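Heads up, the thing below is written out as structure tokens.
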Amino acid sequence: MTNTKSGSAGKKLFSGSVLRVGNLFGAALASFFLMPLIVHHLGDRVYGFWSLASAFIGYYNLLDLGLSSAVSQYMCIALGRKDDAECRIVFNTALALQLMIGLAALVATAGLALATPWFCHEPAAVPLFRKVIVILGINAALGFPARIYWAVLESELRFDIQSWIALMNLVMRTGLIIWVIFAGGGLLELSWVTLISTIPAIALQVWFARRQATWARVDRRFALLSRVRSFFSYSVYSFMAYVADVVRFQLDPLVISALIGLVAVTHYKVAGILAQYYMQIISVSVGTLLPVFSRLHGAGNRSDLEEAFFFGTKISCCLSVFIALILTGWGRPFIARWMGPSYQDGYLPLVVLSLAVLIDTSQRSSMDLLYATFNHRFYAWTNCAEAVLNLGFSILLARPLGILGVALGTLIGAFTIRAIVQPWWVCRVSNLHYTKFVRFLAGNMLRALLVAAASLAVVVWGLRPSYPLLIASVICSAAVYAAGSWLLIFNRAERNRFIGIFRRNDLAMNEMAASIGGTGQ
């Protein structure tokens, strides 16, 4: 496969993963500090409208119908085949579709603005709230065609560029929000901040995408209606999986509110937020391998695809076990320090949710393999099945066990689908040896758990509700875990690959697959 213009593919994947995780932490910290500042500045009522308007605009993501994932997939397949003409067709056809979706978002915004009096019961505030909705709607509409340029960068493996753009956007938006608040600005100014910080990010996406890919040029001759059907035949299952994820992870508060009470929702939310960040860390770090799988599949390189899959699975296991260790080992004192001792009833749900996420994220590469090889239909249906199990058992266990029962519902669904059904089916549709894969997965999981136990044992002194002790002990534990993983989980060939990423003198870096292969299964 072709190397991109600057540096080795391995270094880009590694730096992109690190930067994406850094952005996630940066966004979390910004949210942690900005939320109370904005709430106190705007007041509960105005902030409530801001949250409501943001939620409404957030539903616009459903208009995408999974198209973004389909576009990235078809771009990667074409790149794997070294077919620039097909890349142009995919790019221009998808851009035309997303422009139409953006126009639909503008029409929806107009309708939402007209409906403002229905959920704003103070006539004097209607003009202000309408302006806010229109600005946020325009911001969302601009984002749809921008997704195509984002997909171009992803297909070219430029996760590092994506991350720097996202970081710039975060810094700019955060700085402008702080300036607006201290300058006495209100809701309208904050909505303008959202739009103003988005426009430079979109401009940079377009500029870098055109620079990285010569085929990413607007040309209506390459926008073919015949390609639309193939896009949606892929994206419909991505959309199904997305909706199922909403049921799996966003309906628990509704179940708790209906069967237990509103107070319990807040306590459960503490565990839910931490579990969500767990999933996001794995997604942004290991998810960079999806376009690599797609390229290898497009090139018909079966052996390197299998090597990359096993290596990705090993990385997923290693990272997932460590984050689960952090949440279960440090969760109780952290919750006590962060939210107060009265919220420690959220710790056991956190442990249960961490186990559920561990089962899921340790096999992140399995999901990516299904998407890369056009077998994601199975993932969509199993996601739906897990959503049904999750919701059913959560409702069944909510009254007798409280918020712990709701968390157990999530674990039961995850164990049934991810631990029992998914490995068998992935091996079947991907022509992998089932016993070999299960032994590989279980062996790496066991080694990672042993290293995690050792890293926890040496830092028990830091499991106290004190930020300095918690931070110091996490750093020490991470150092022990990294050293143990380096020696016991990754073999010599894999260690040399990692070293080669930094030295750029590993000859195998000349090929994409080799830069992530050599798992020594």
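The values are calculated or read from the model by the stated rules, or taken from the named source; none is laboratory data. Here the structure is a predicted model, which means the values were calculated and not measured. Don't worry about glycine lacking a Cβ; one is built from the backbone with ideal geometry, like all the others, and counts go over all protein chains shown. Only protein heavy atoms, including side chains, enter the accessible area calculation; ligands, DNA and RNA are left aside. Shrake-Rupley method; radii C 1.70, N 1.55, O 1.52, S 1.80 Å.
Got a sec? Which of LEU488, LEU463 is open to solvent by 80 Å² or more (accessible area, probe 1.4 Å) and more than 27 Å from the chain's Cα centre (by Cα)?
LEU488
Could you list all residues from segment 229-264 that are of a type in the set (Val, Ile, Thr) and farther than 16 Å from LEU401 by Cβ?
Of everything in segment 229-264, those that are of a type in the set (Val, Ile, Thr) and farther than 16 Å from LEU401 by Cβ turn out to be VAL236, VAL243, VAL246, VAL247, VAL263.
Under 6 Å between Cβ atoms, at least 6 apart or on separate chains: pull out the pairs that start in segment 257-277 with a residue that is surrounded by 14 or more Cβ atoms within 10 Å (Cβ to Cβ) and end on any residue that is in a helix (DSSP H, G or I) and of a type in the set (S, T, N, Q).
Matching pairs, first to second residue: VAL265/SER257.
Evaluate segment 206-222: report whether one residue or more is assigned to a loop (DSSP other than H, G, I, E, B) and aromatic (Phe, Trp, Tyr).
Yes, the conditions are met somewhere in segment 206-222.
Given the criterion part of a loop (DSSP other than H, G, I, E, B) and more than 28 Å from GLY80 (Cα to Cα), identify the matching residue among GLY185, GLY175.
Unique residue meeting the criteria: GLY185.
Keeping to segment 230-250, report how many residues are more than 30 Å from PHE91 (Cα to Cα) and open to solvent by less than 50 Å² (accessible area, probe 1.4 Å).
The qualifying residues number 2.
Filter segment 112-147 for residues that are open to solvent by 40 Å² or more (accessible area, probe 1.4 Å) and not hydrophobic (A, V, I, L, M, F, W, C); which is modelled with the highest pLDDT?
ARG147
For segment 393-457, which fully contained helices (runs of 4 or more DSSP H) count at least 3 residues that are more than 18 Å from ASP360 (Cα to Cα), open to solvent by less than 20 Å² (accessible area, probe 1.4 Å) and touching a helix residue (DSSP H, G or I) at 6+ places or on another chain (Cβ under 7 Å)?
In segment 393-457, the matching helices (runs of 4 or more DSSP H) lie at 434-457.
Exactly one of these conditions fails for PHE14: (1) at pLDDT 80 or above; (2) within 23 Å of the chain's Cα centre (by Cα). Give me its number.
The one condition PHE14 does not meet is (1).
Scan segment 470-494 for residues that are assigned to a helix (DSSP H, G or I) and free of Cβ contacts under 8 Å to residues at least 60 places away in the same chain and report the count.
14
Has segment 219-229 got any residue that is in contact (Cβ under 8 Å) with a residue 24 or more places away in the chain, acidic (Asp, Glu), more than 30 Å from ALA385 (Cα to Cα) and open to solvent by 30 Å² or more (accessible area, probe 1.4 Å)?
Yes, because at least one residue in segment 219-229 is in contact (Cβ under 8 Å) with a residue 24 or more places away in the chain, acidic (Asp, Glu), more than 30 Å from ALA385 (Cα to Cα) and open to solvent by 30 Å² or more (accessible area, probe 1.4 Å).
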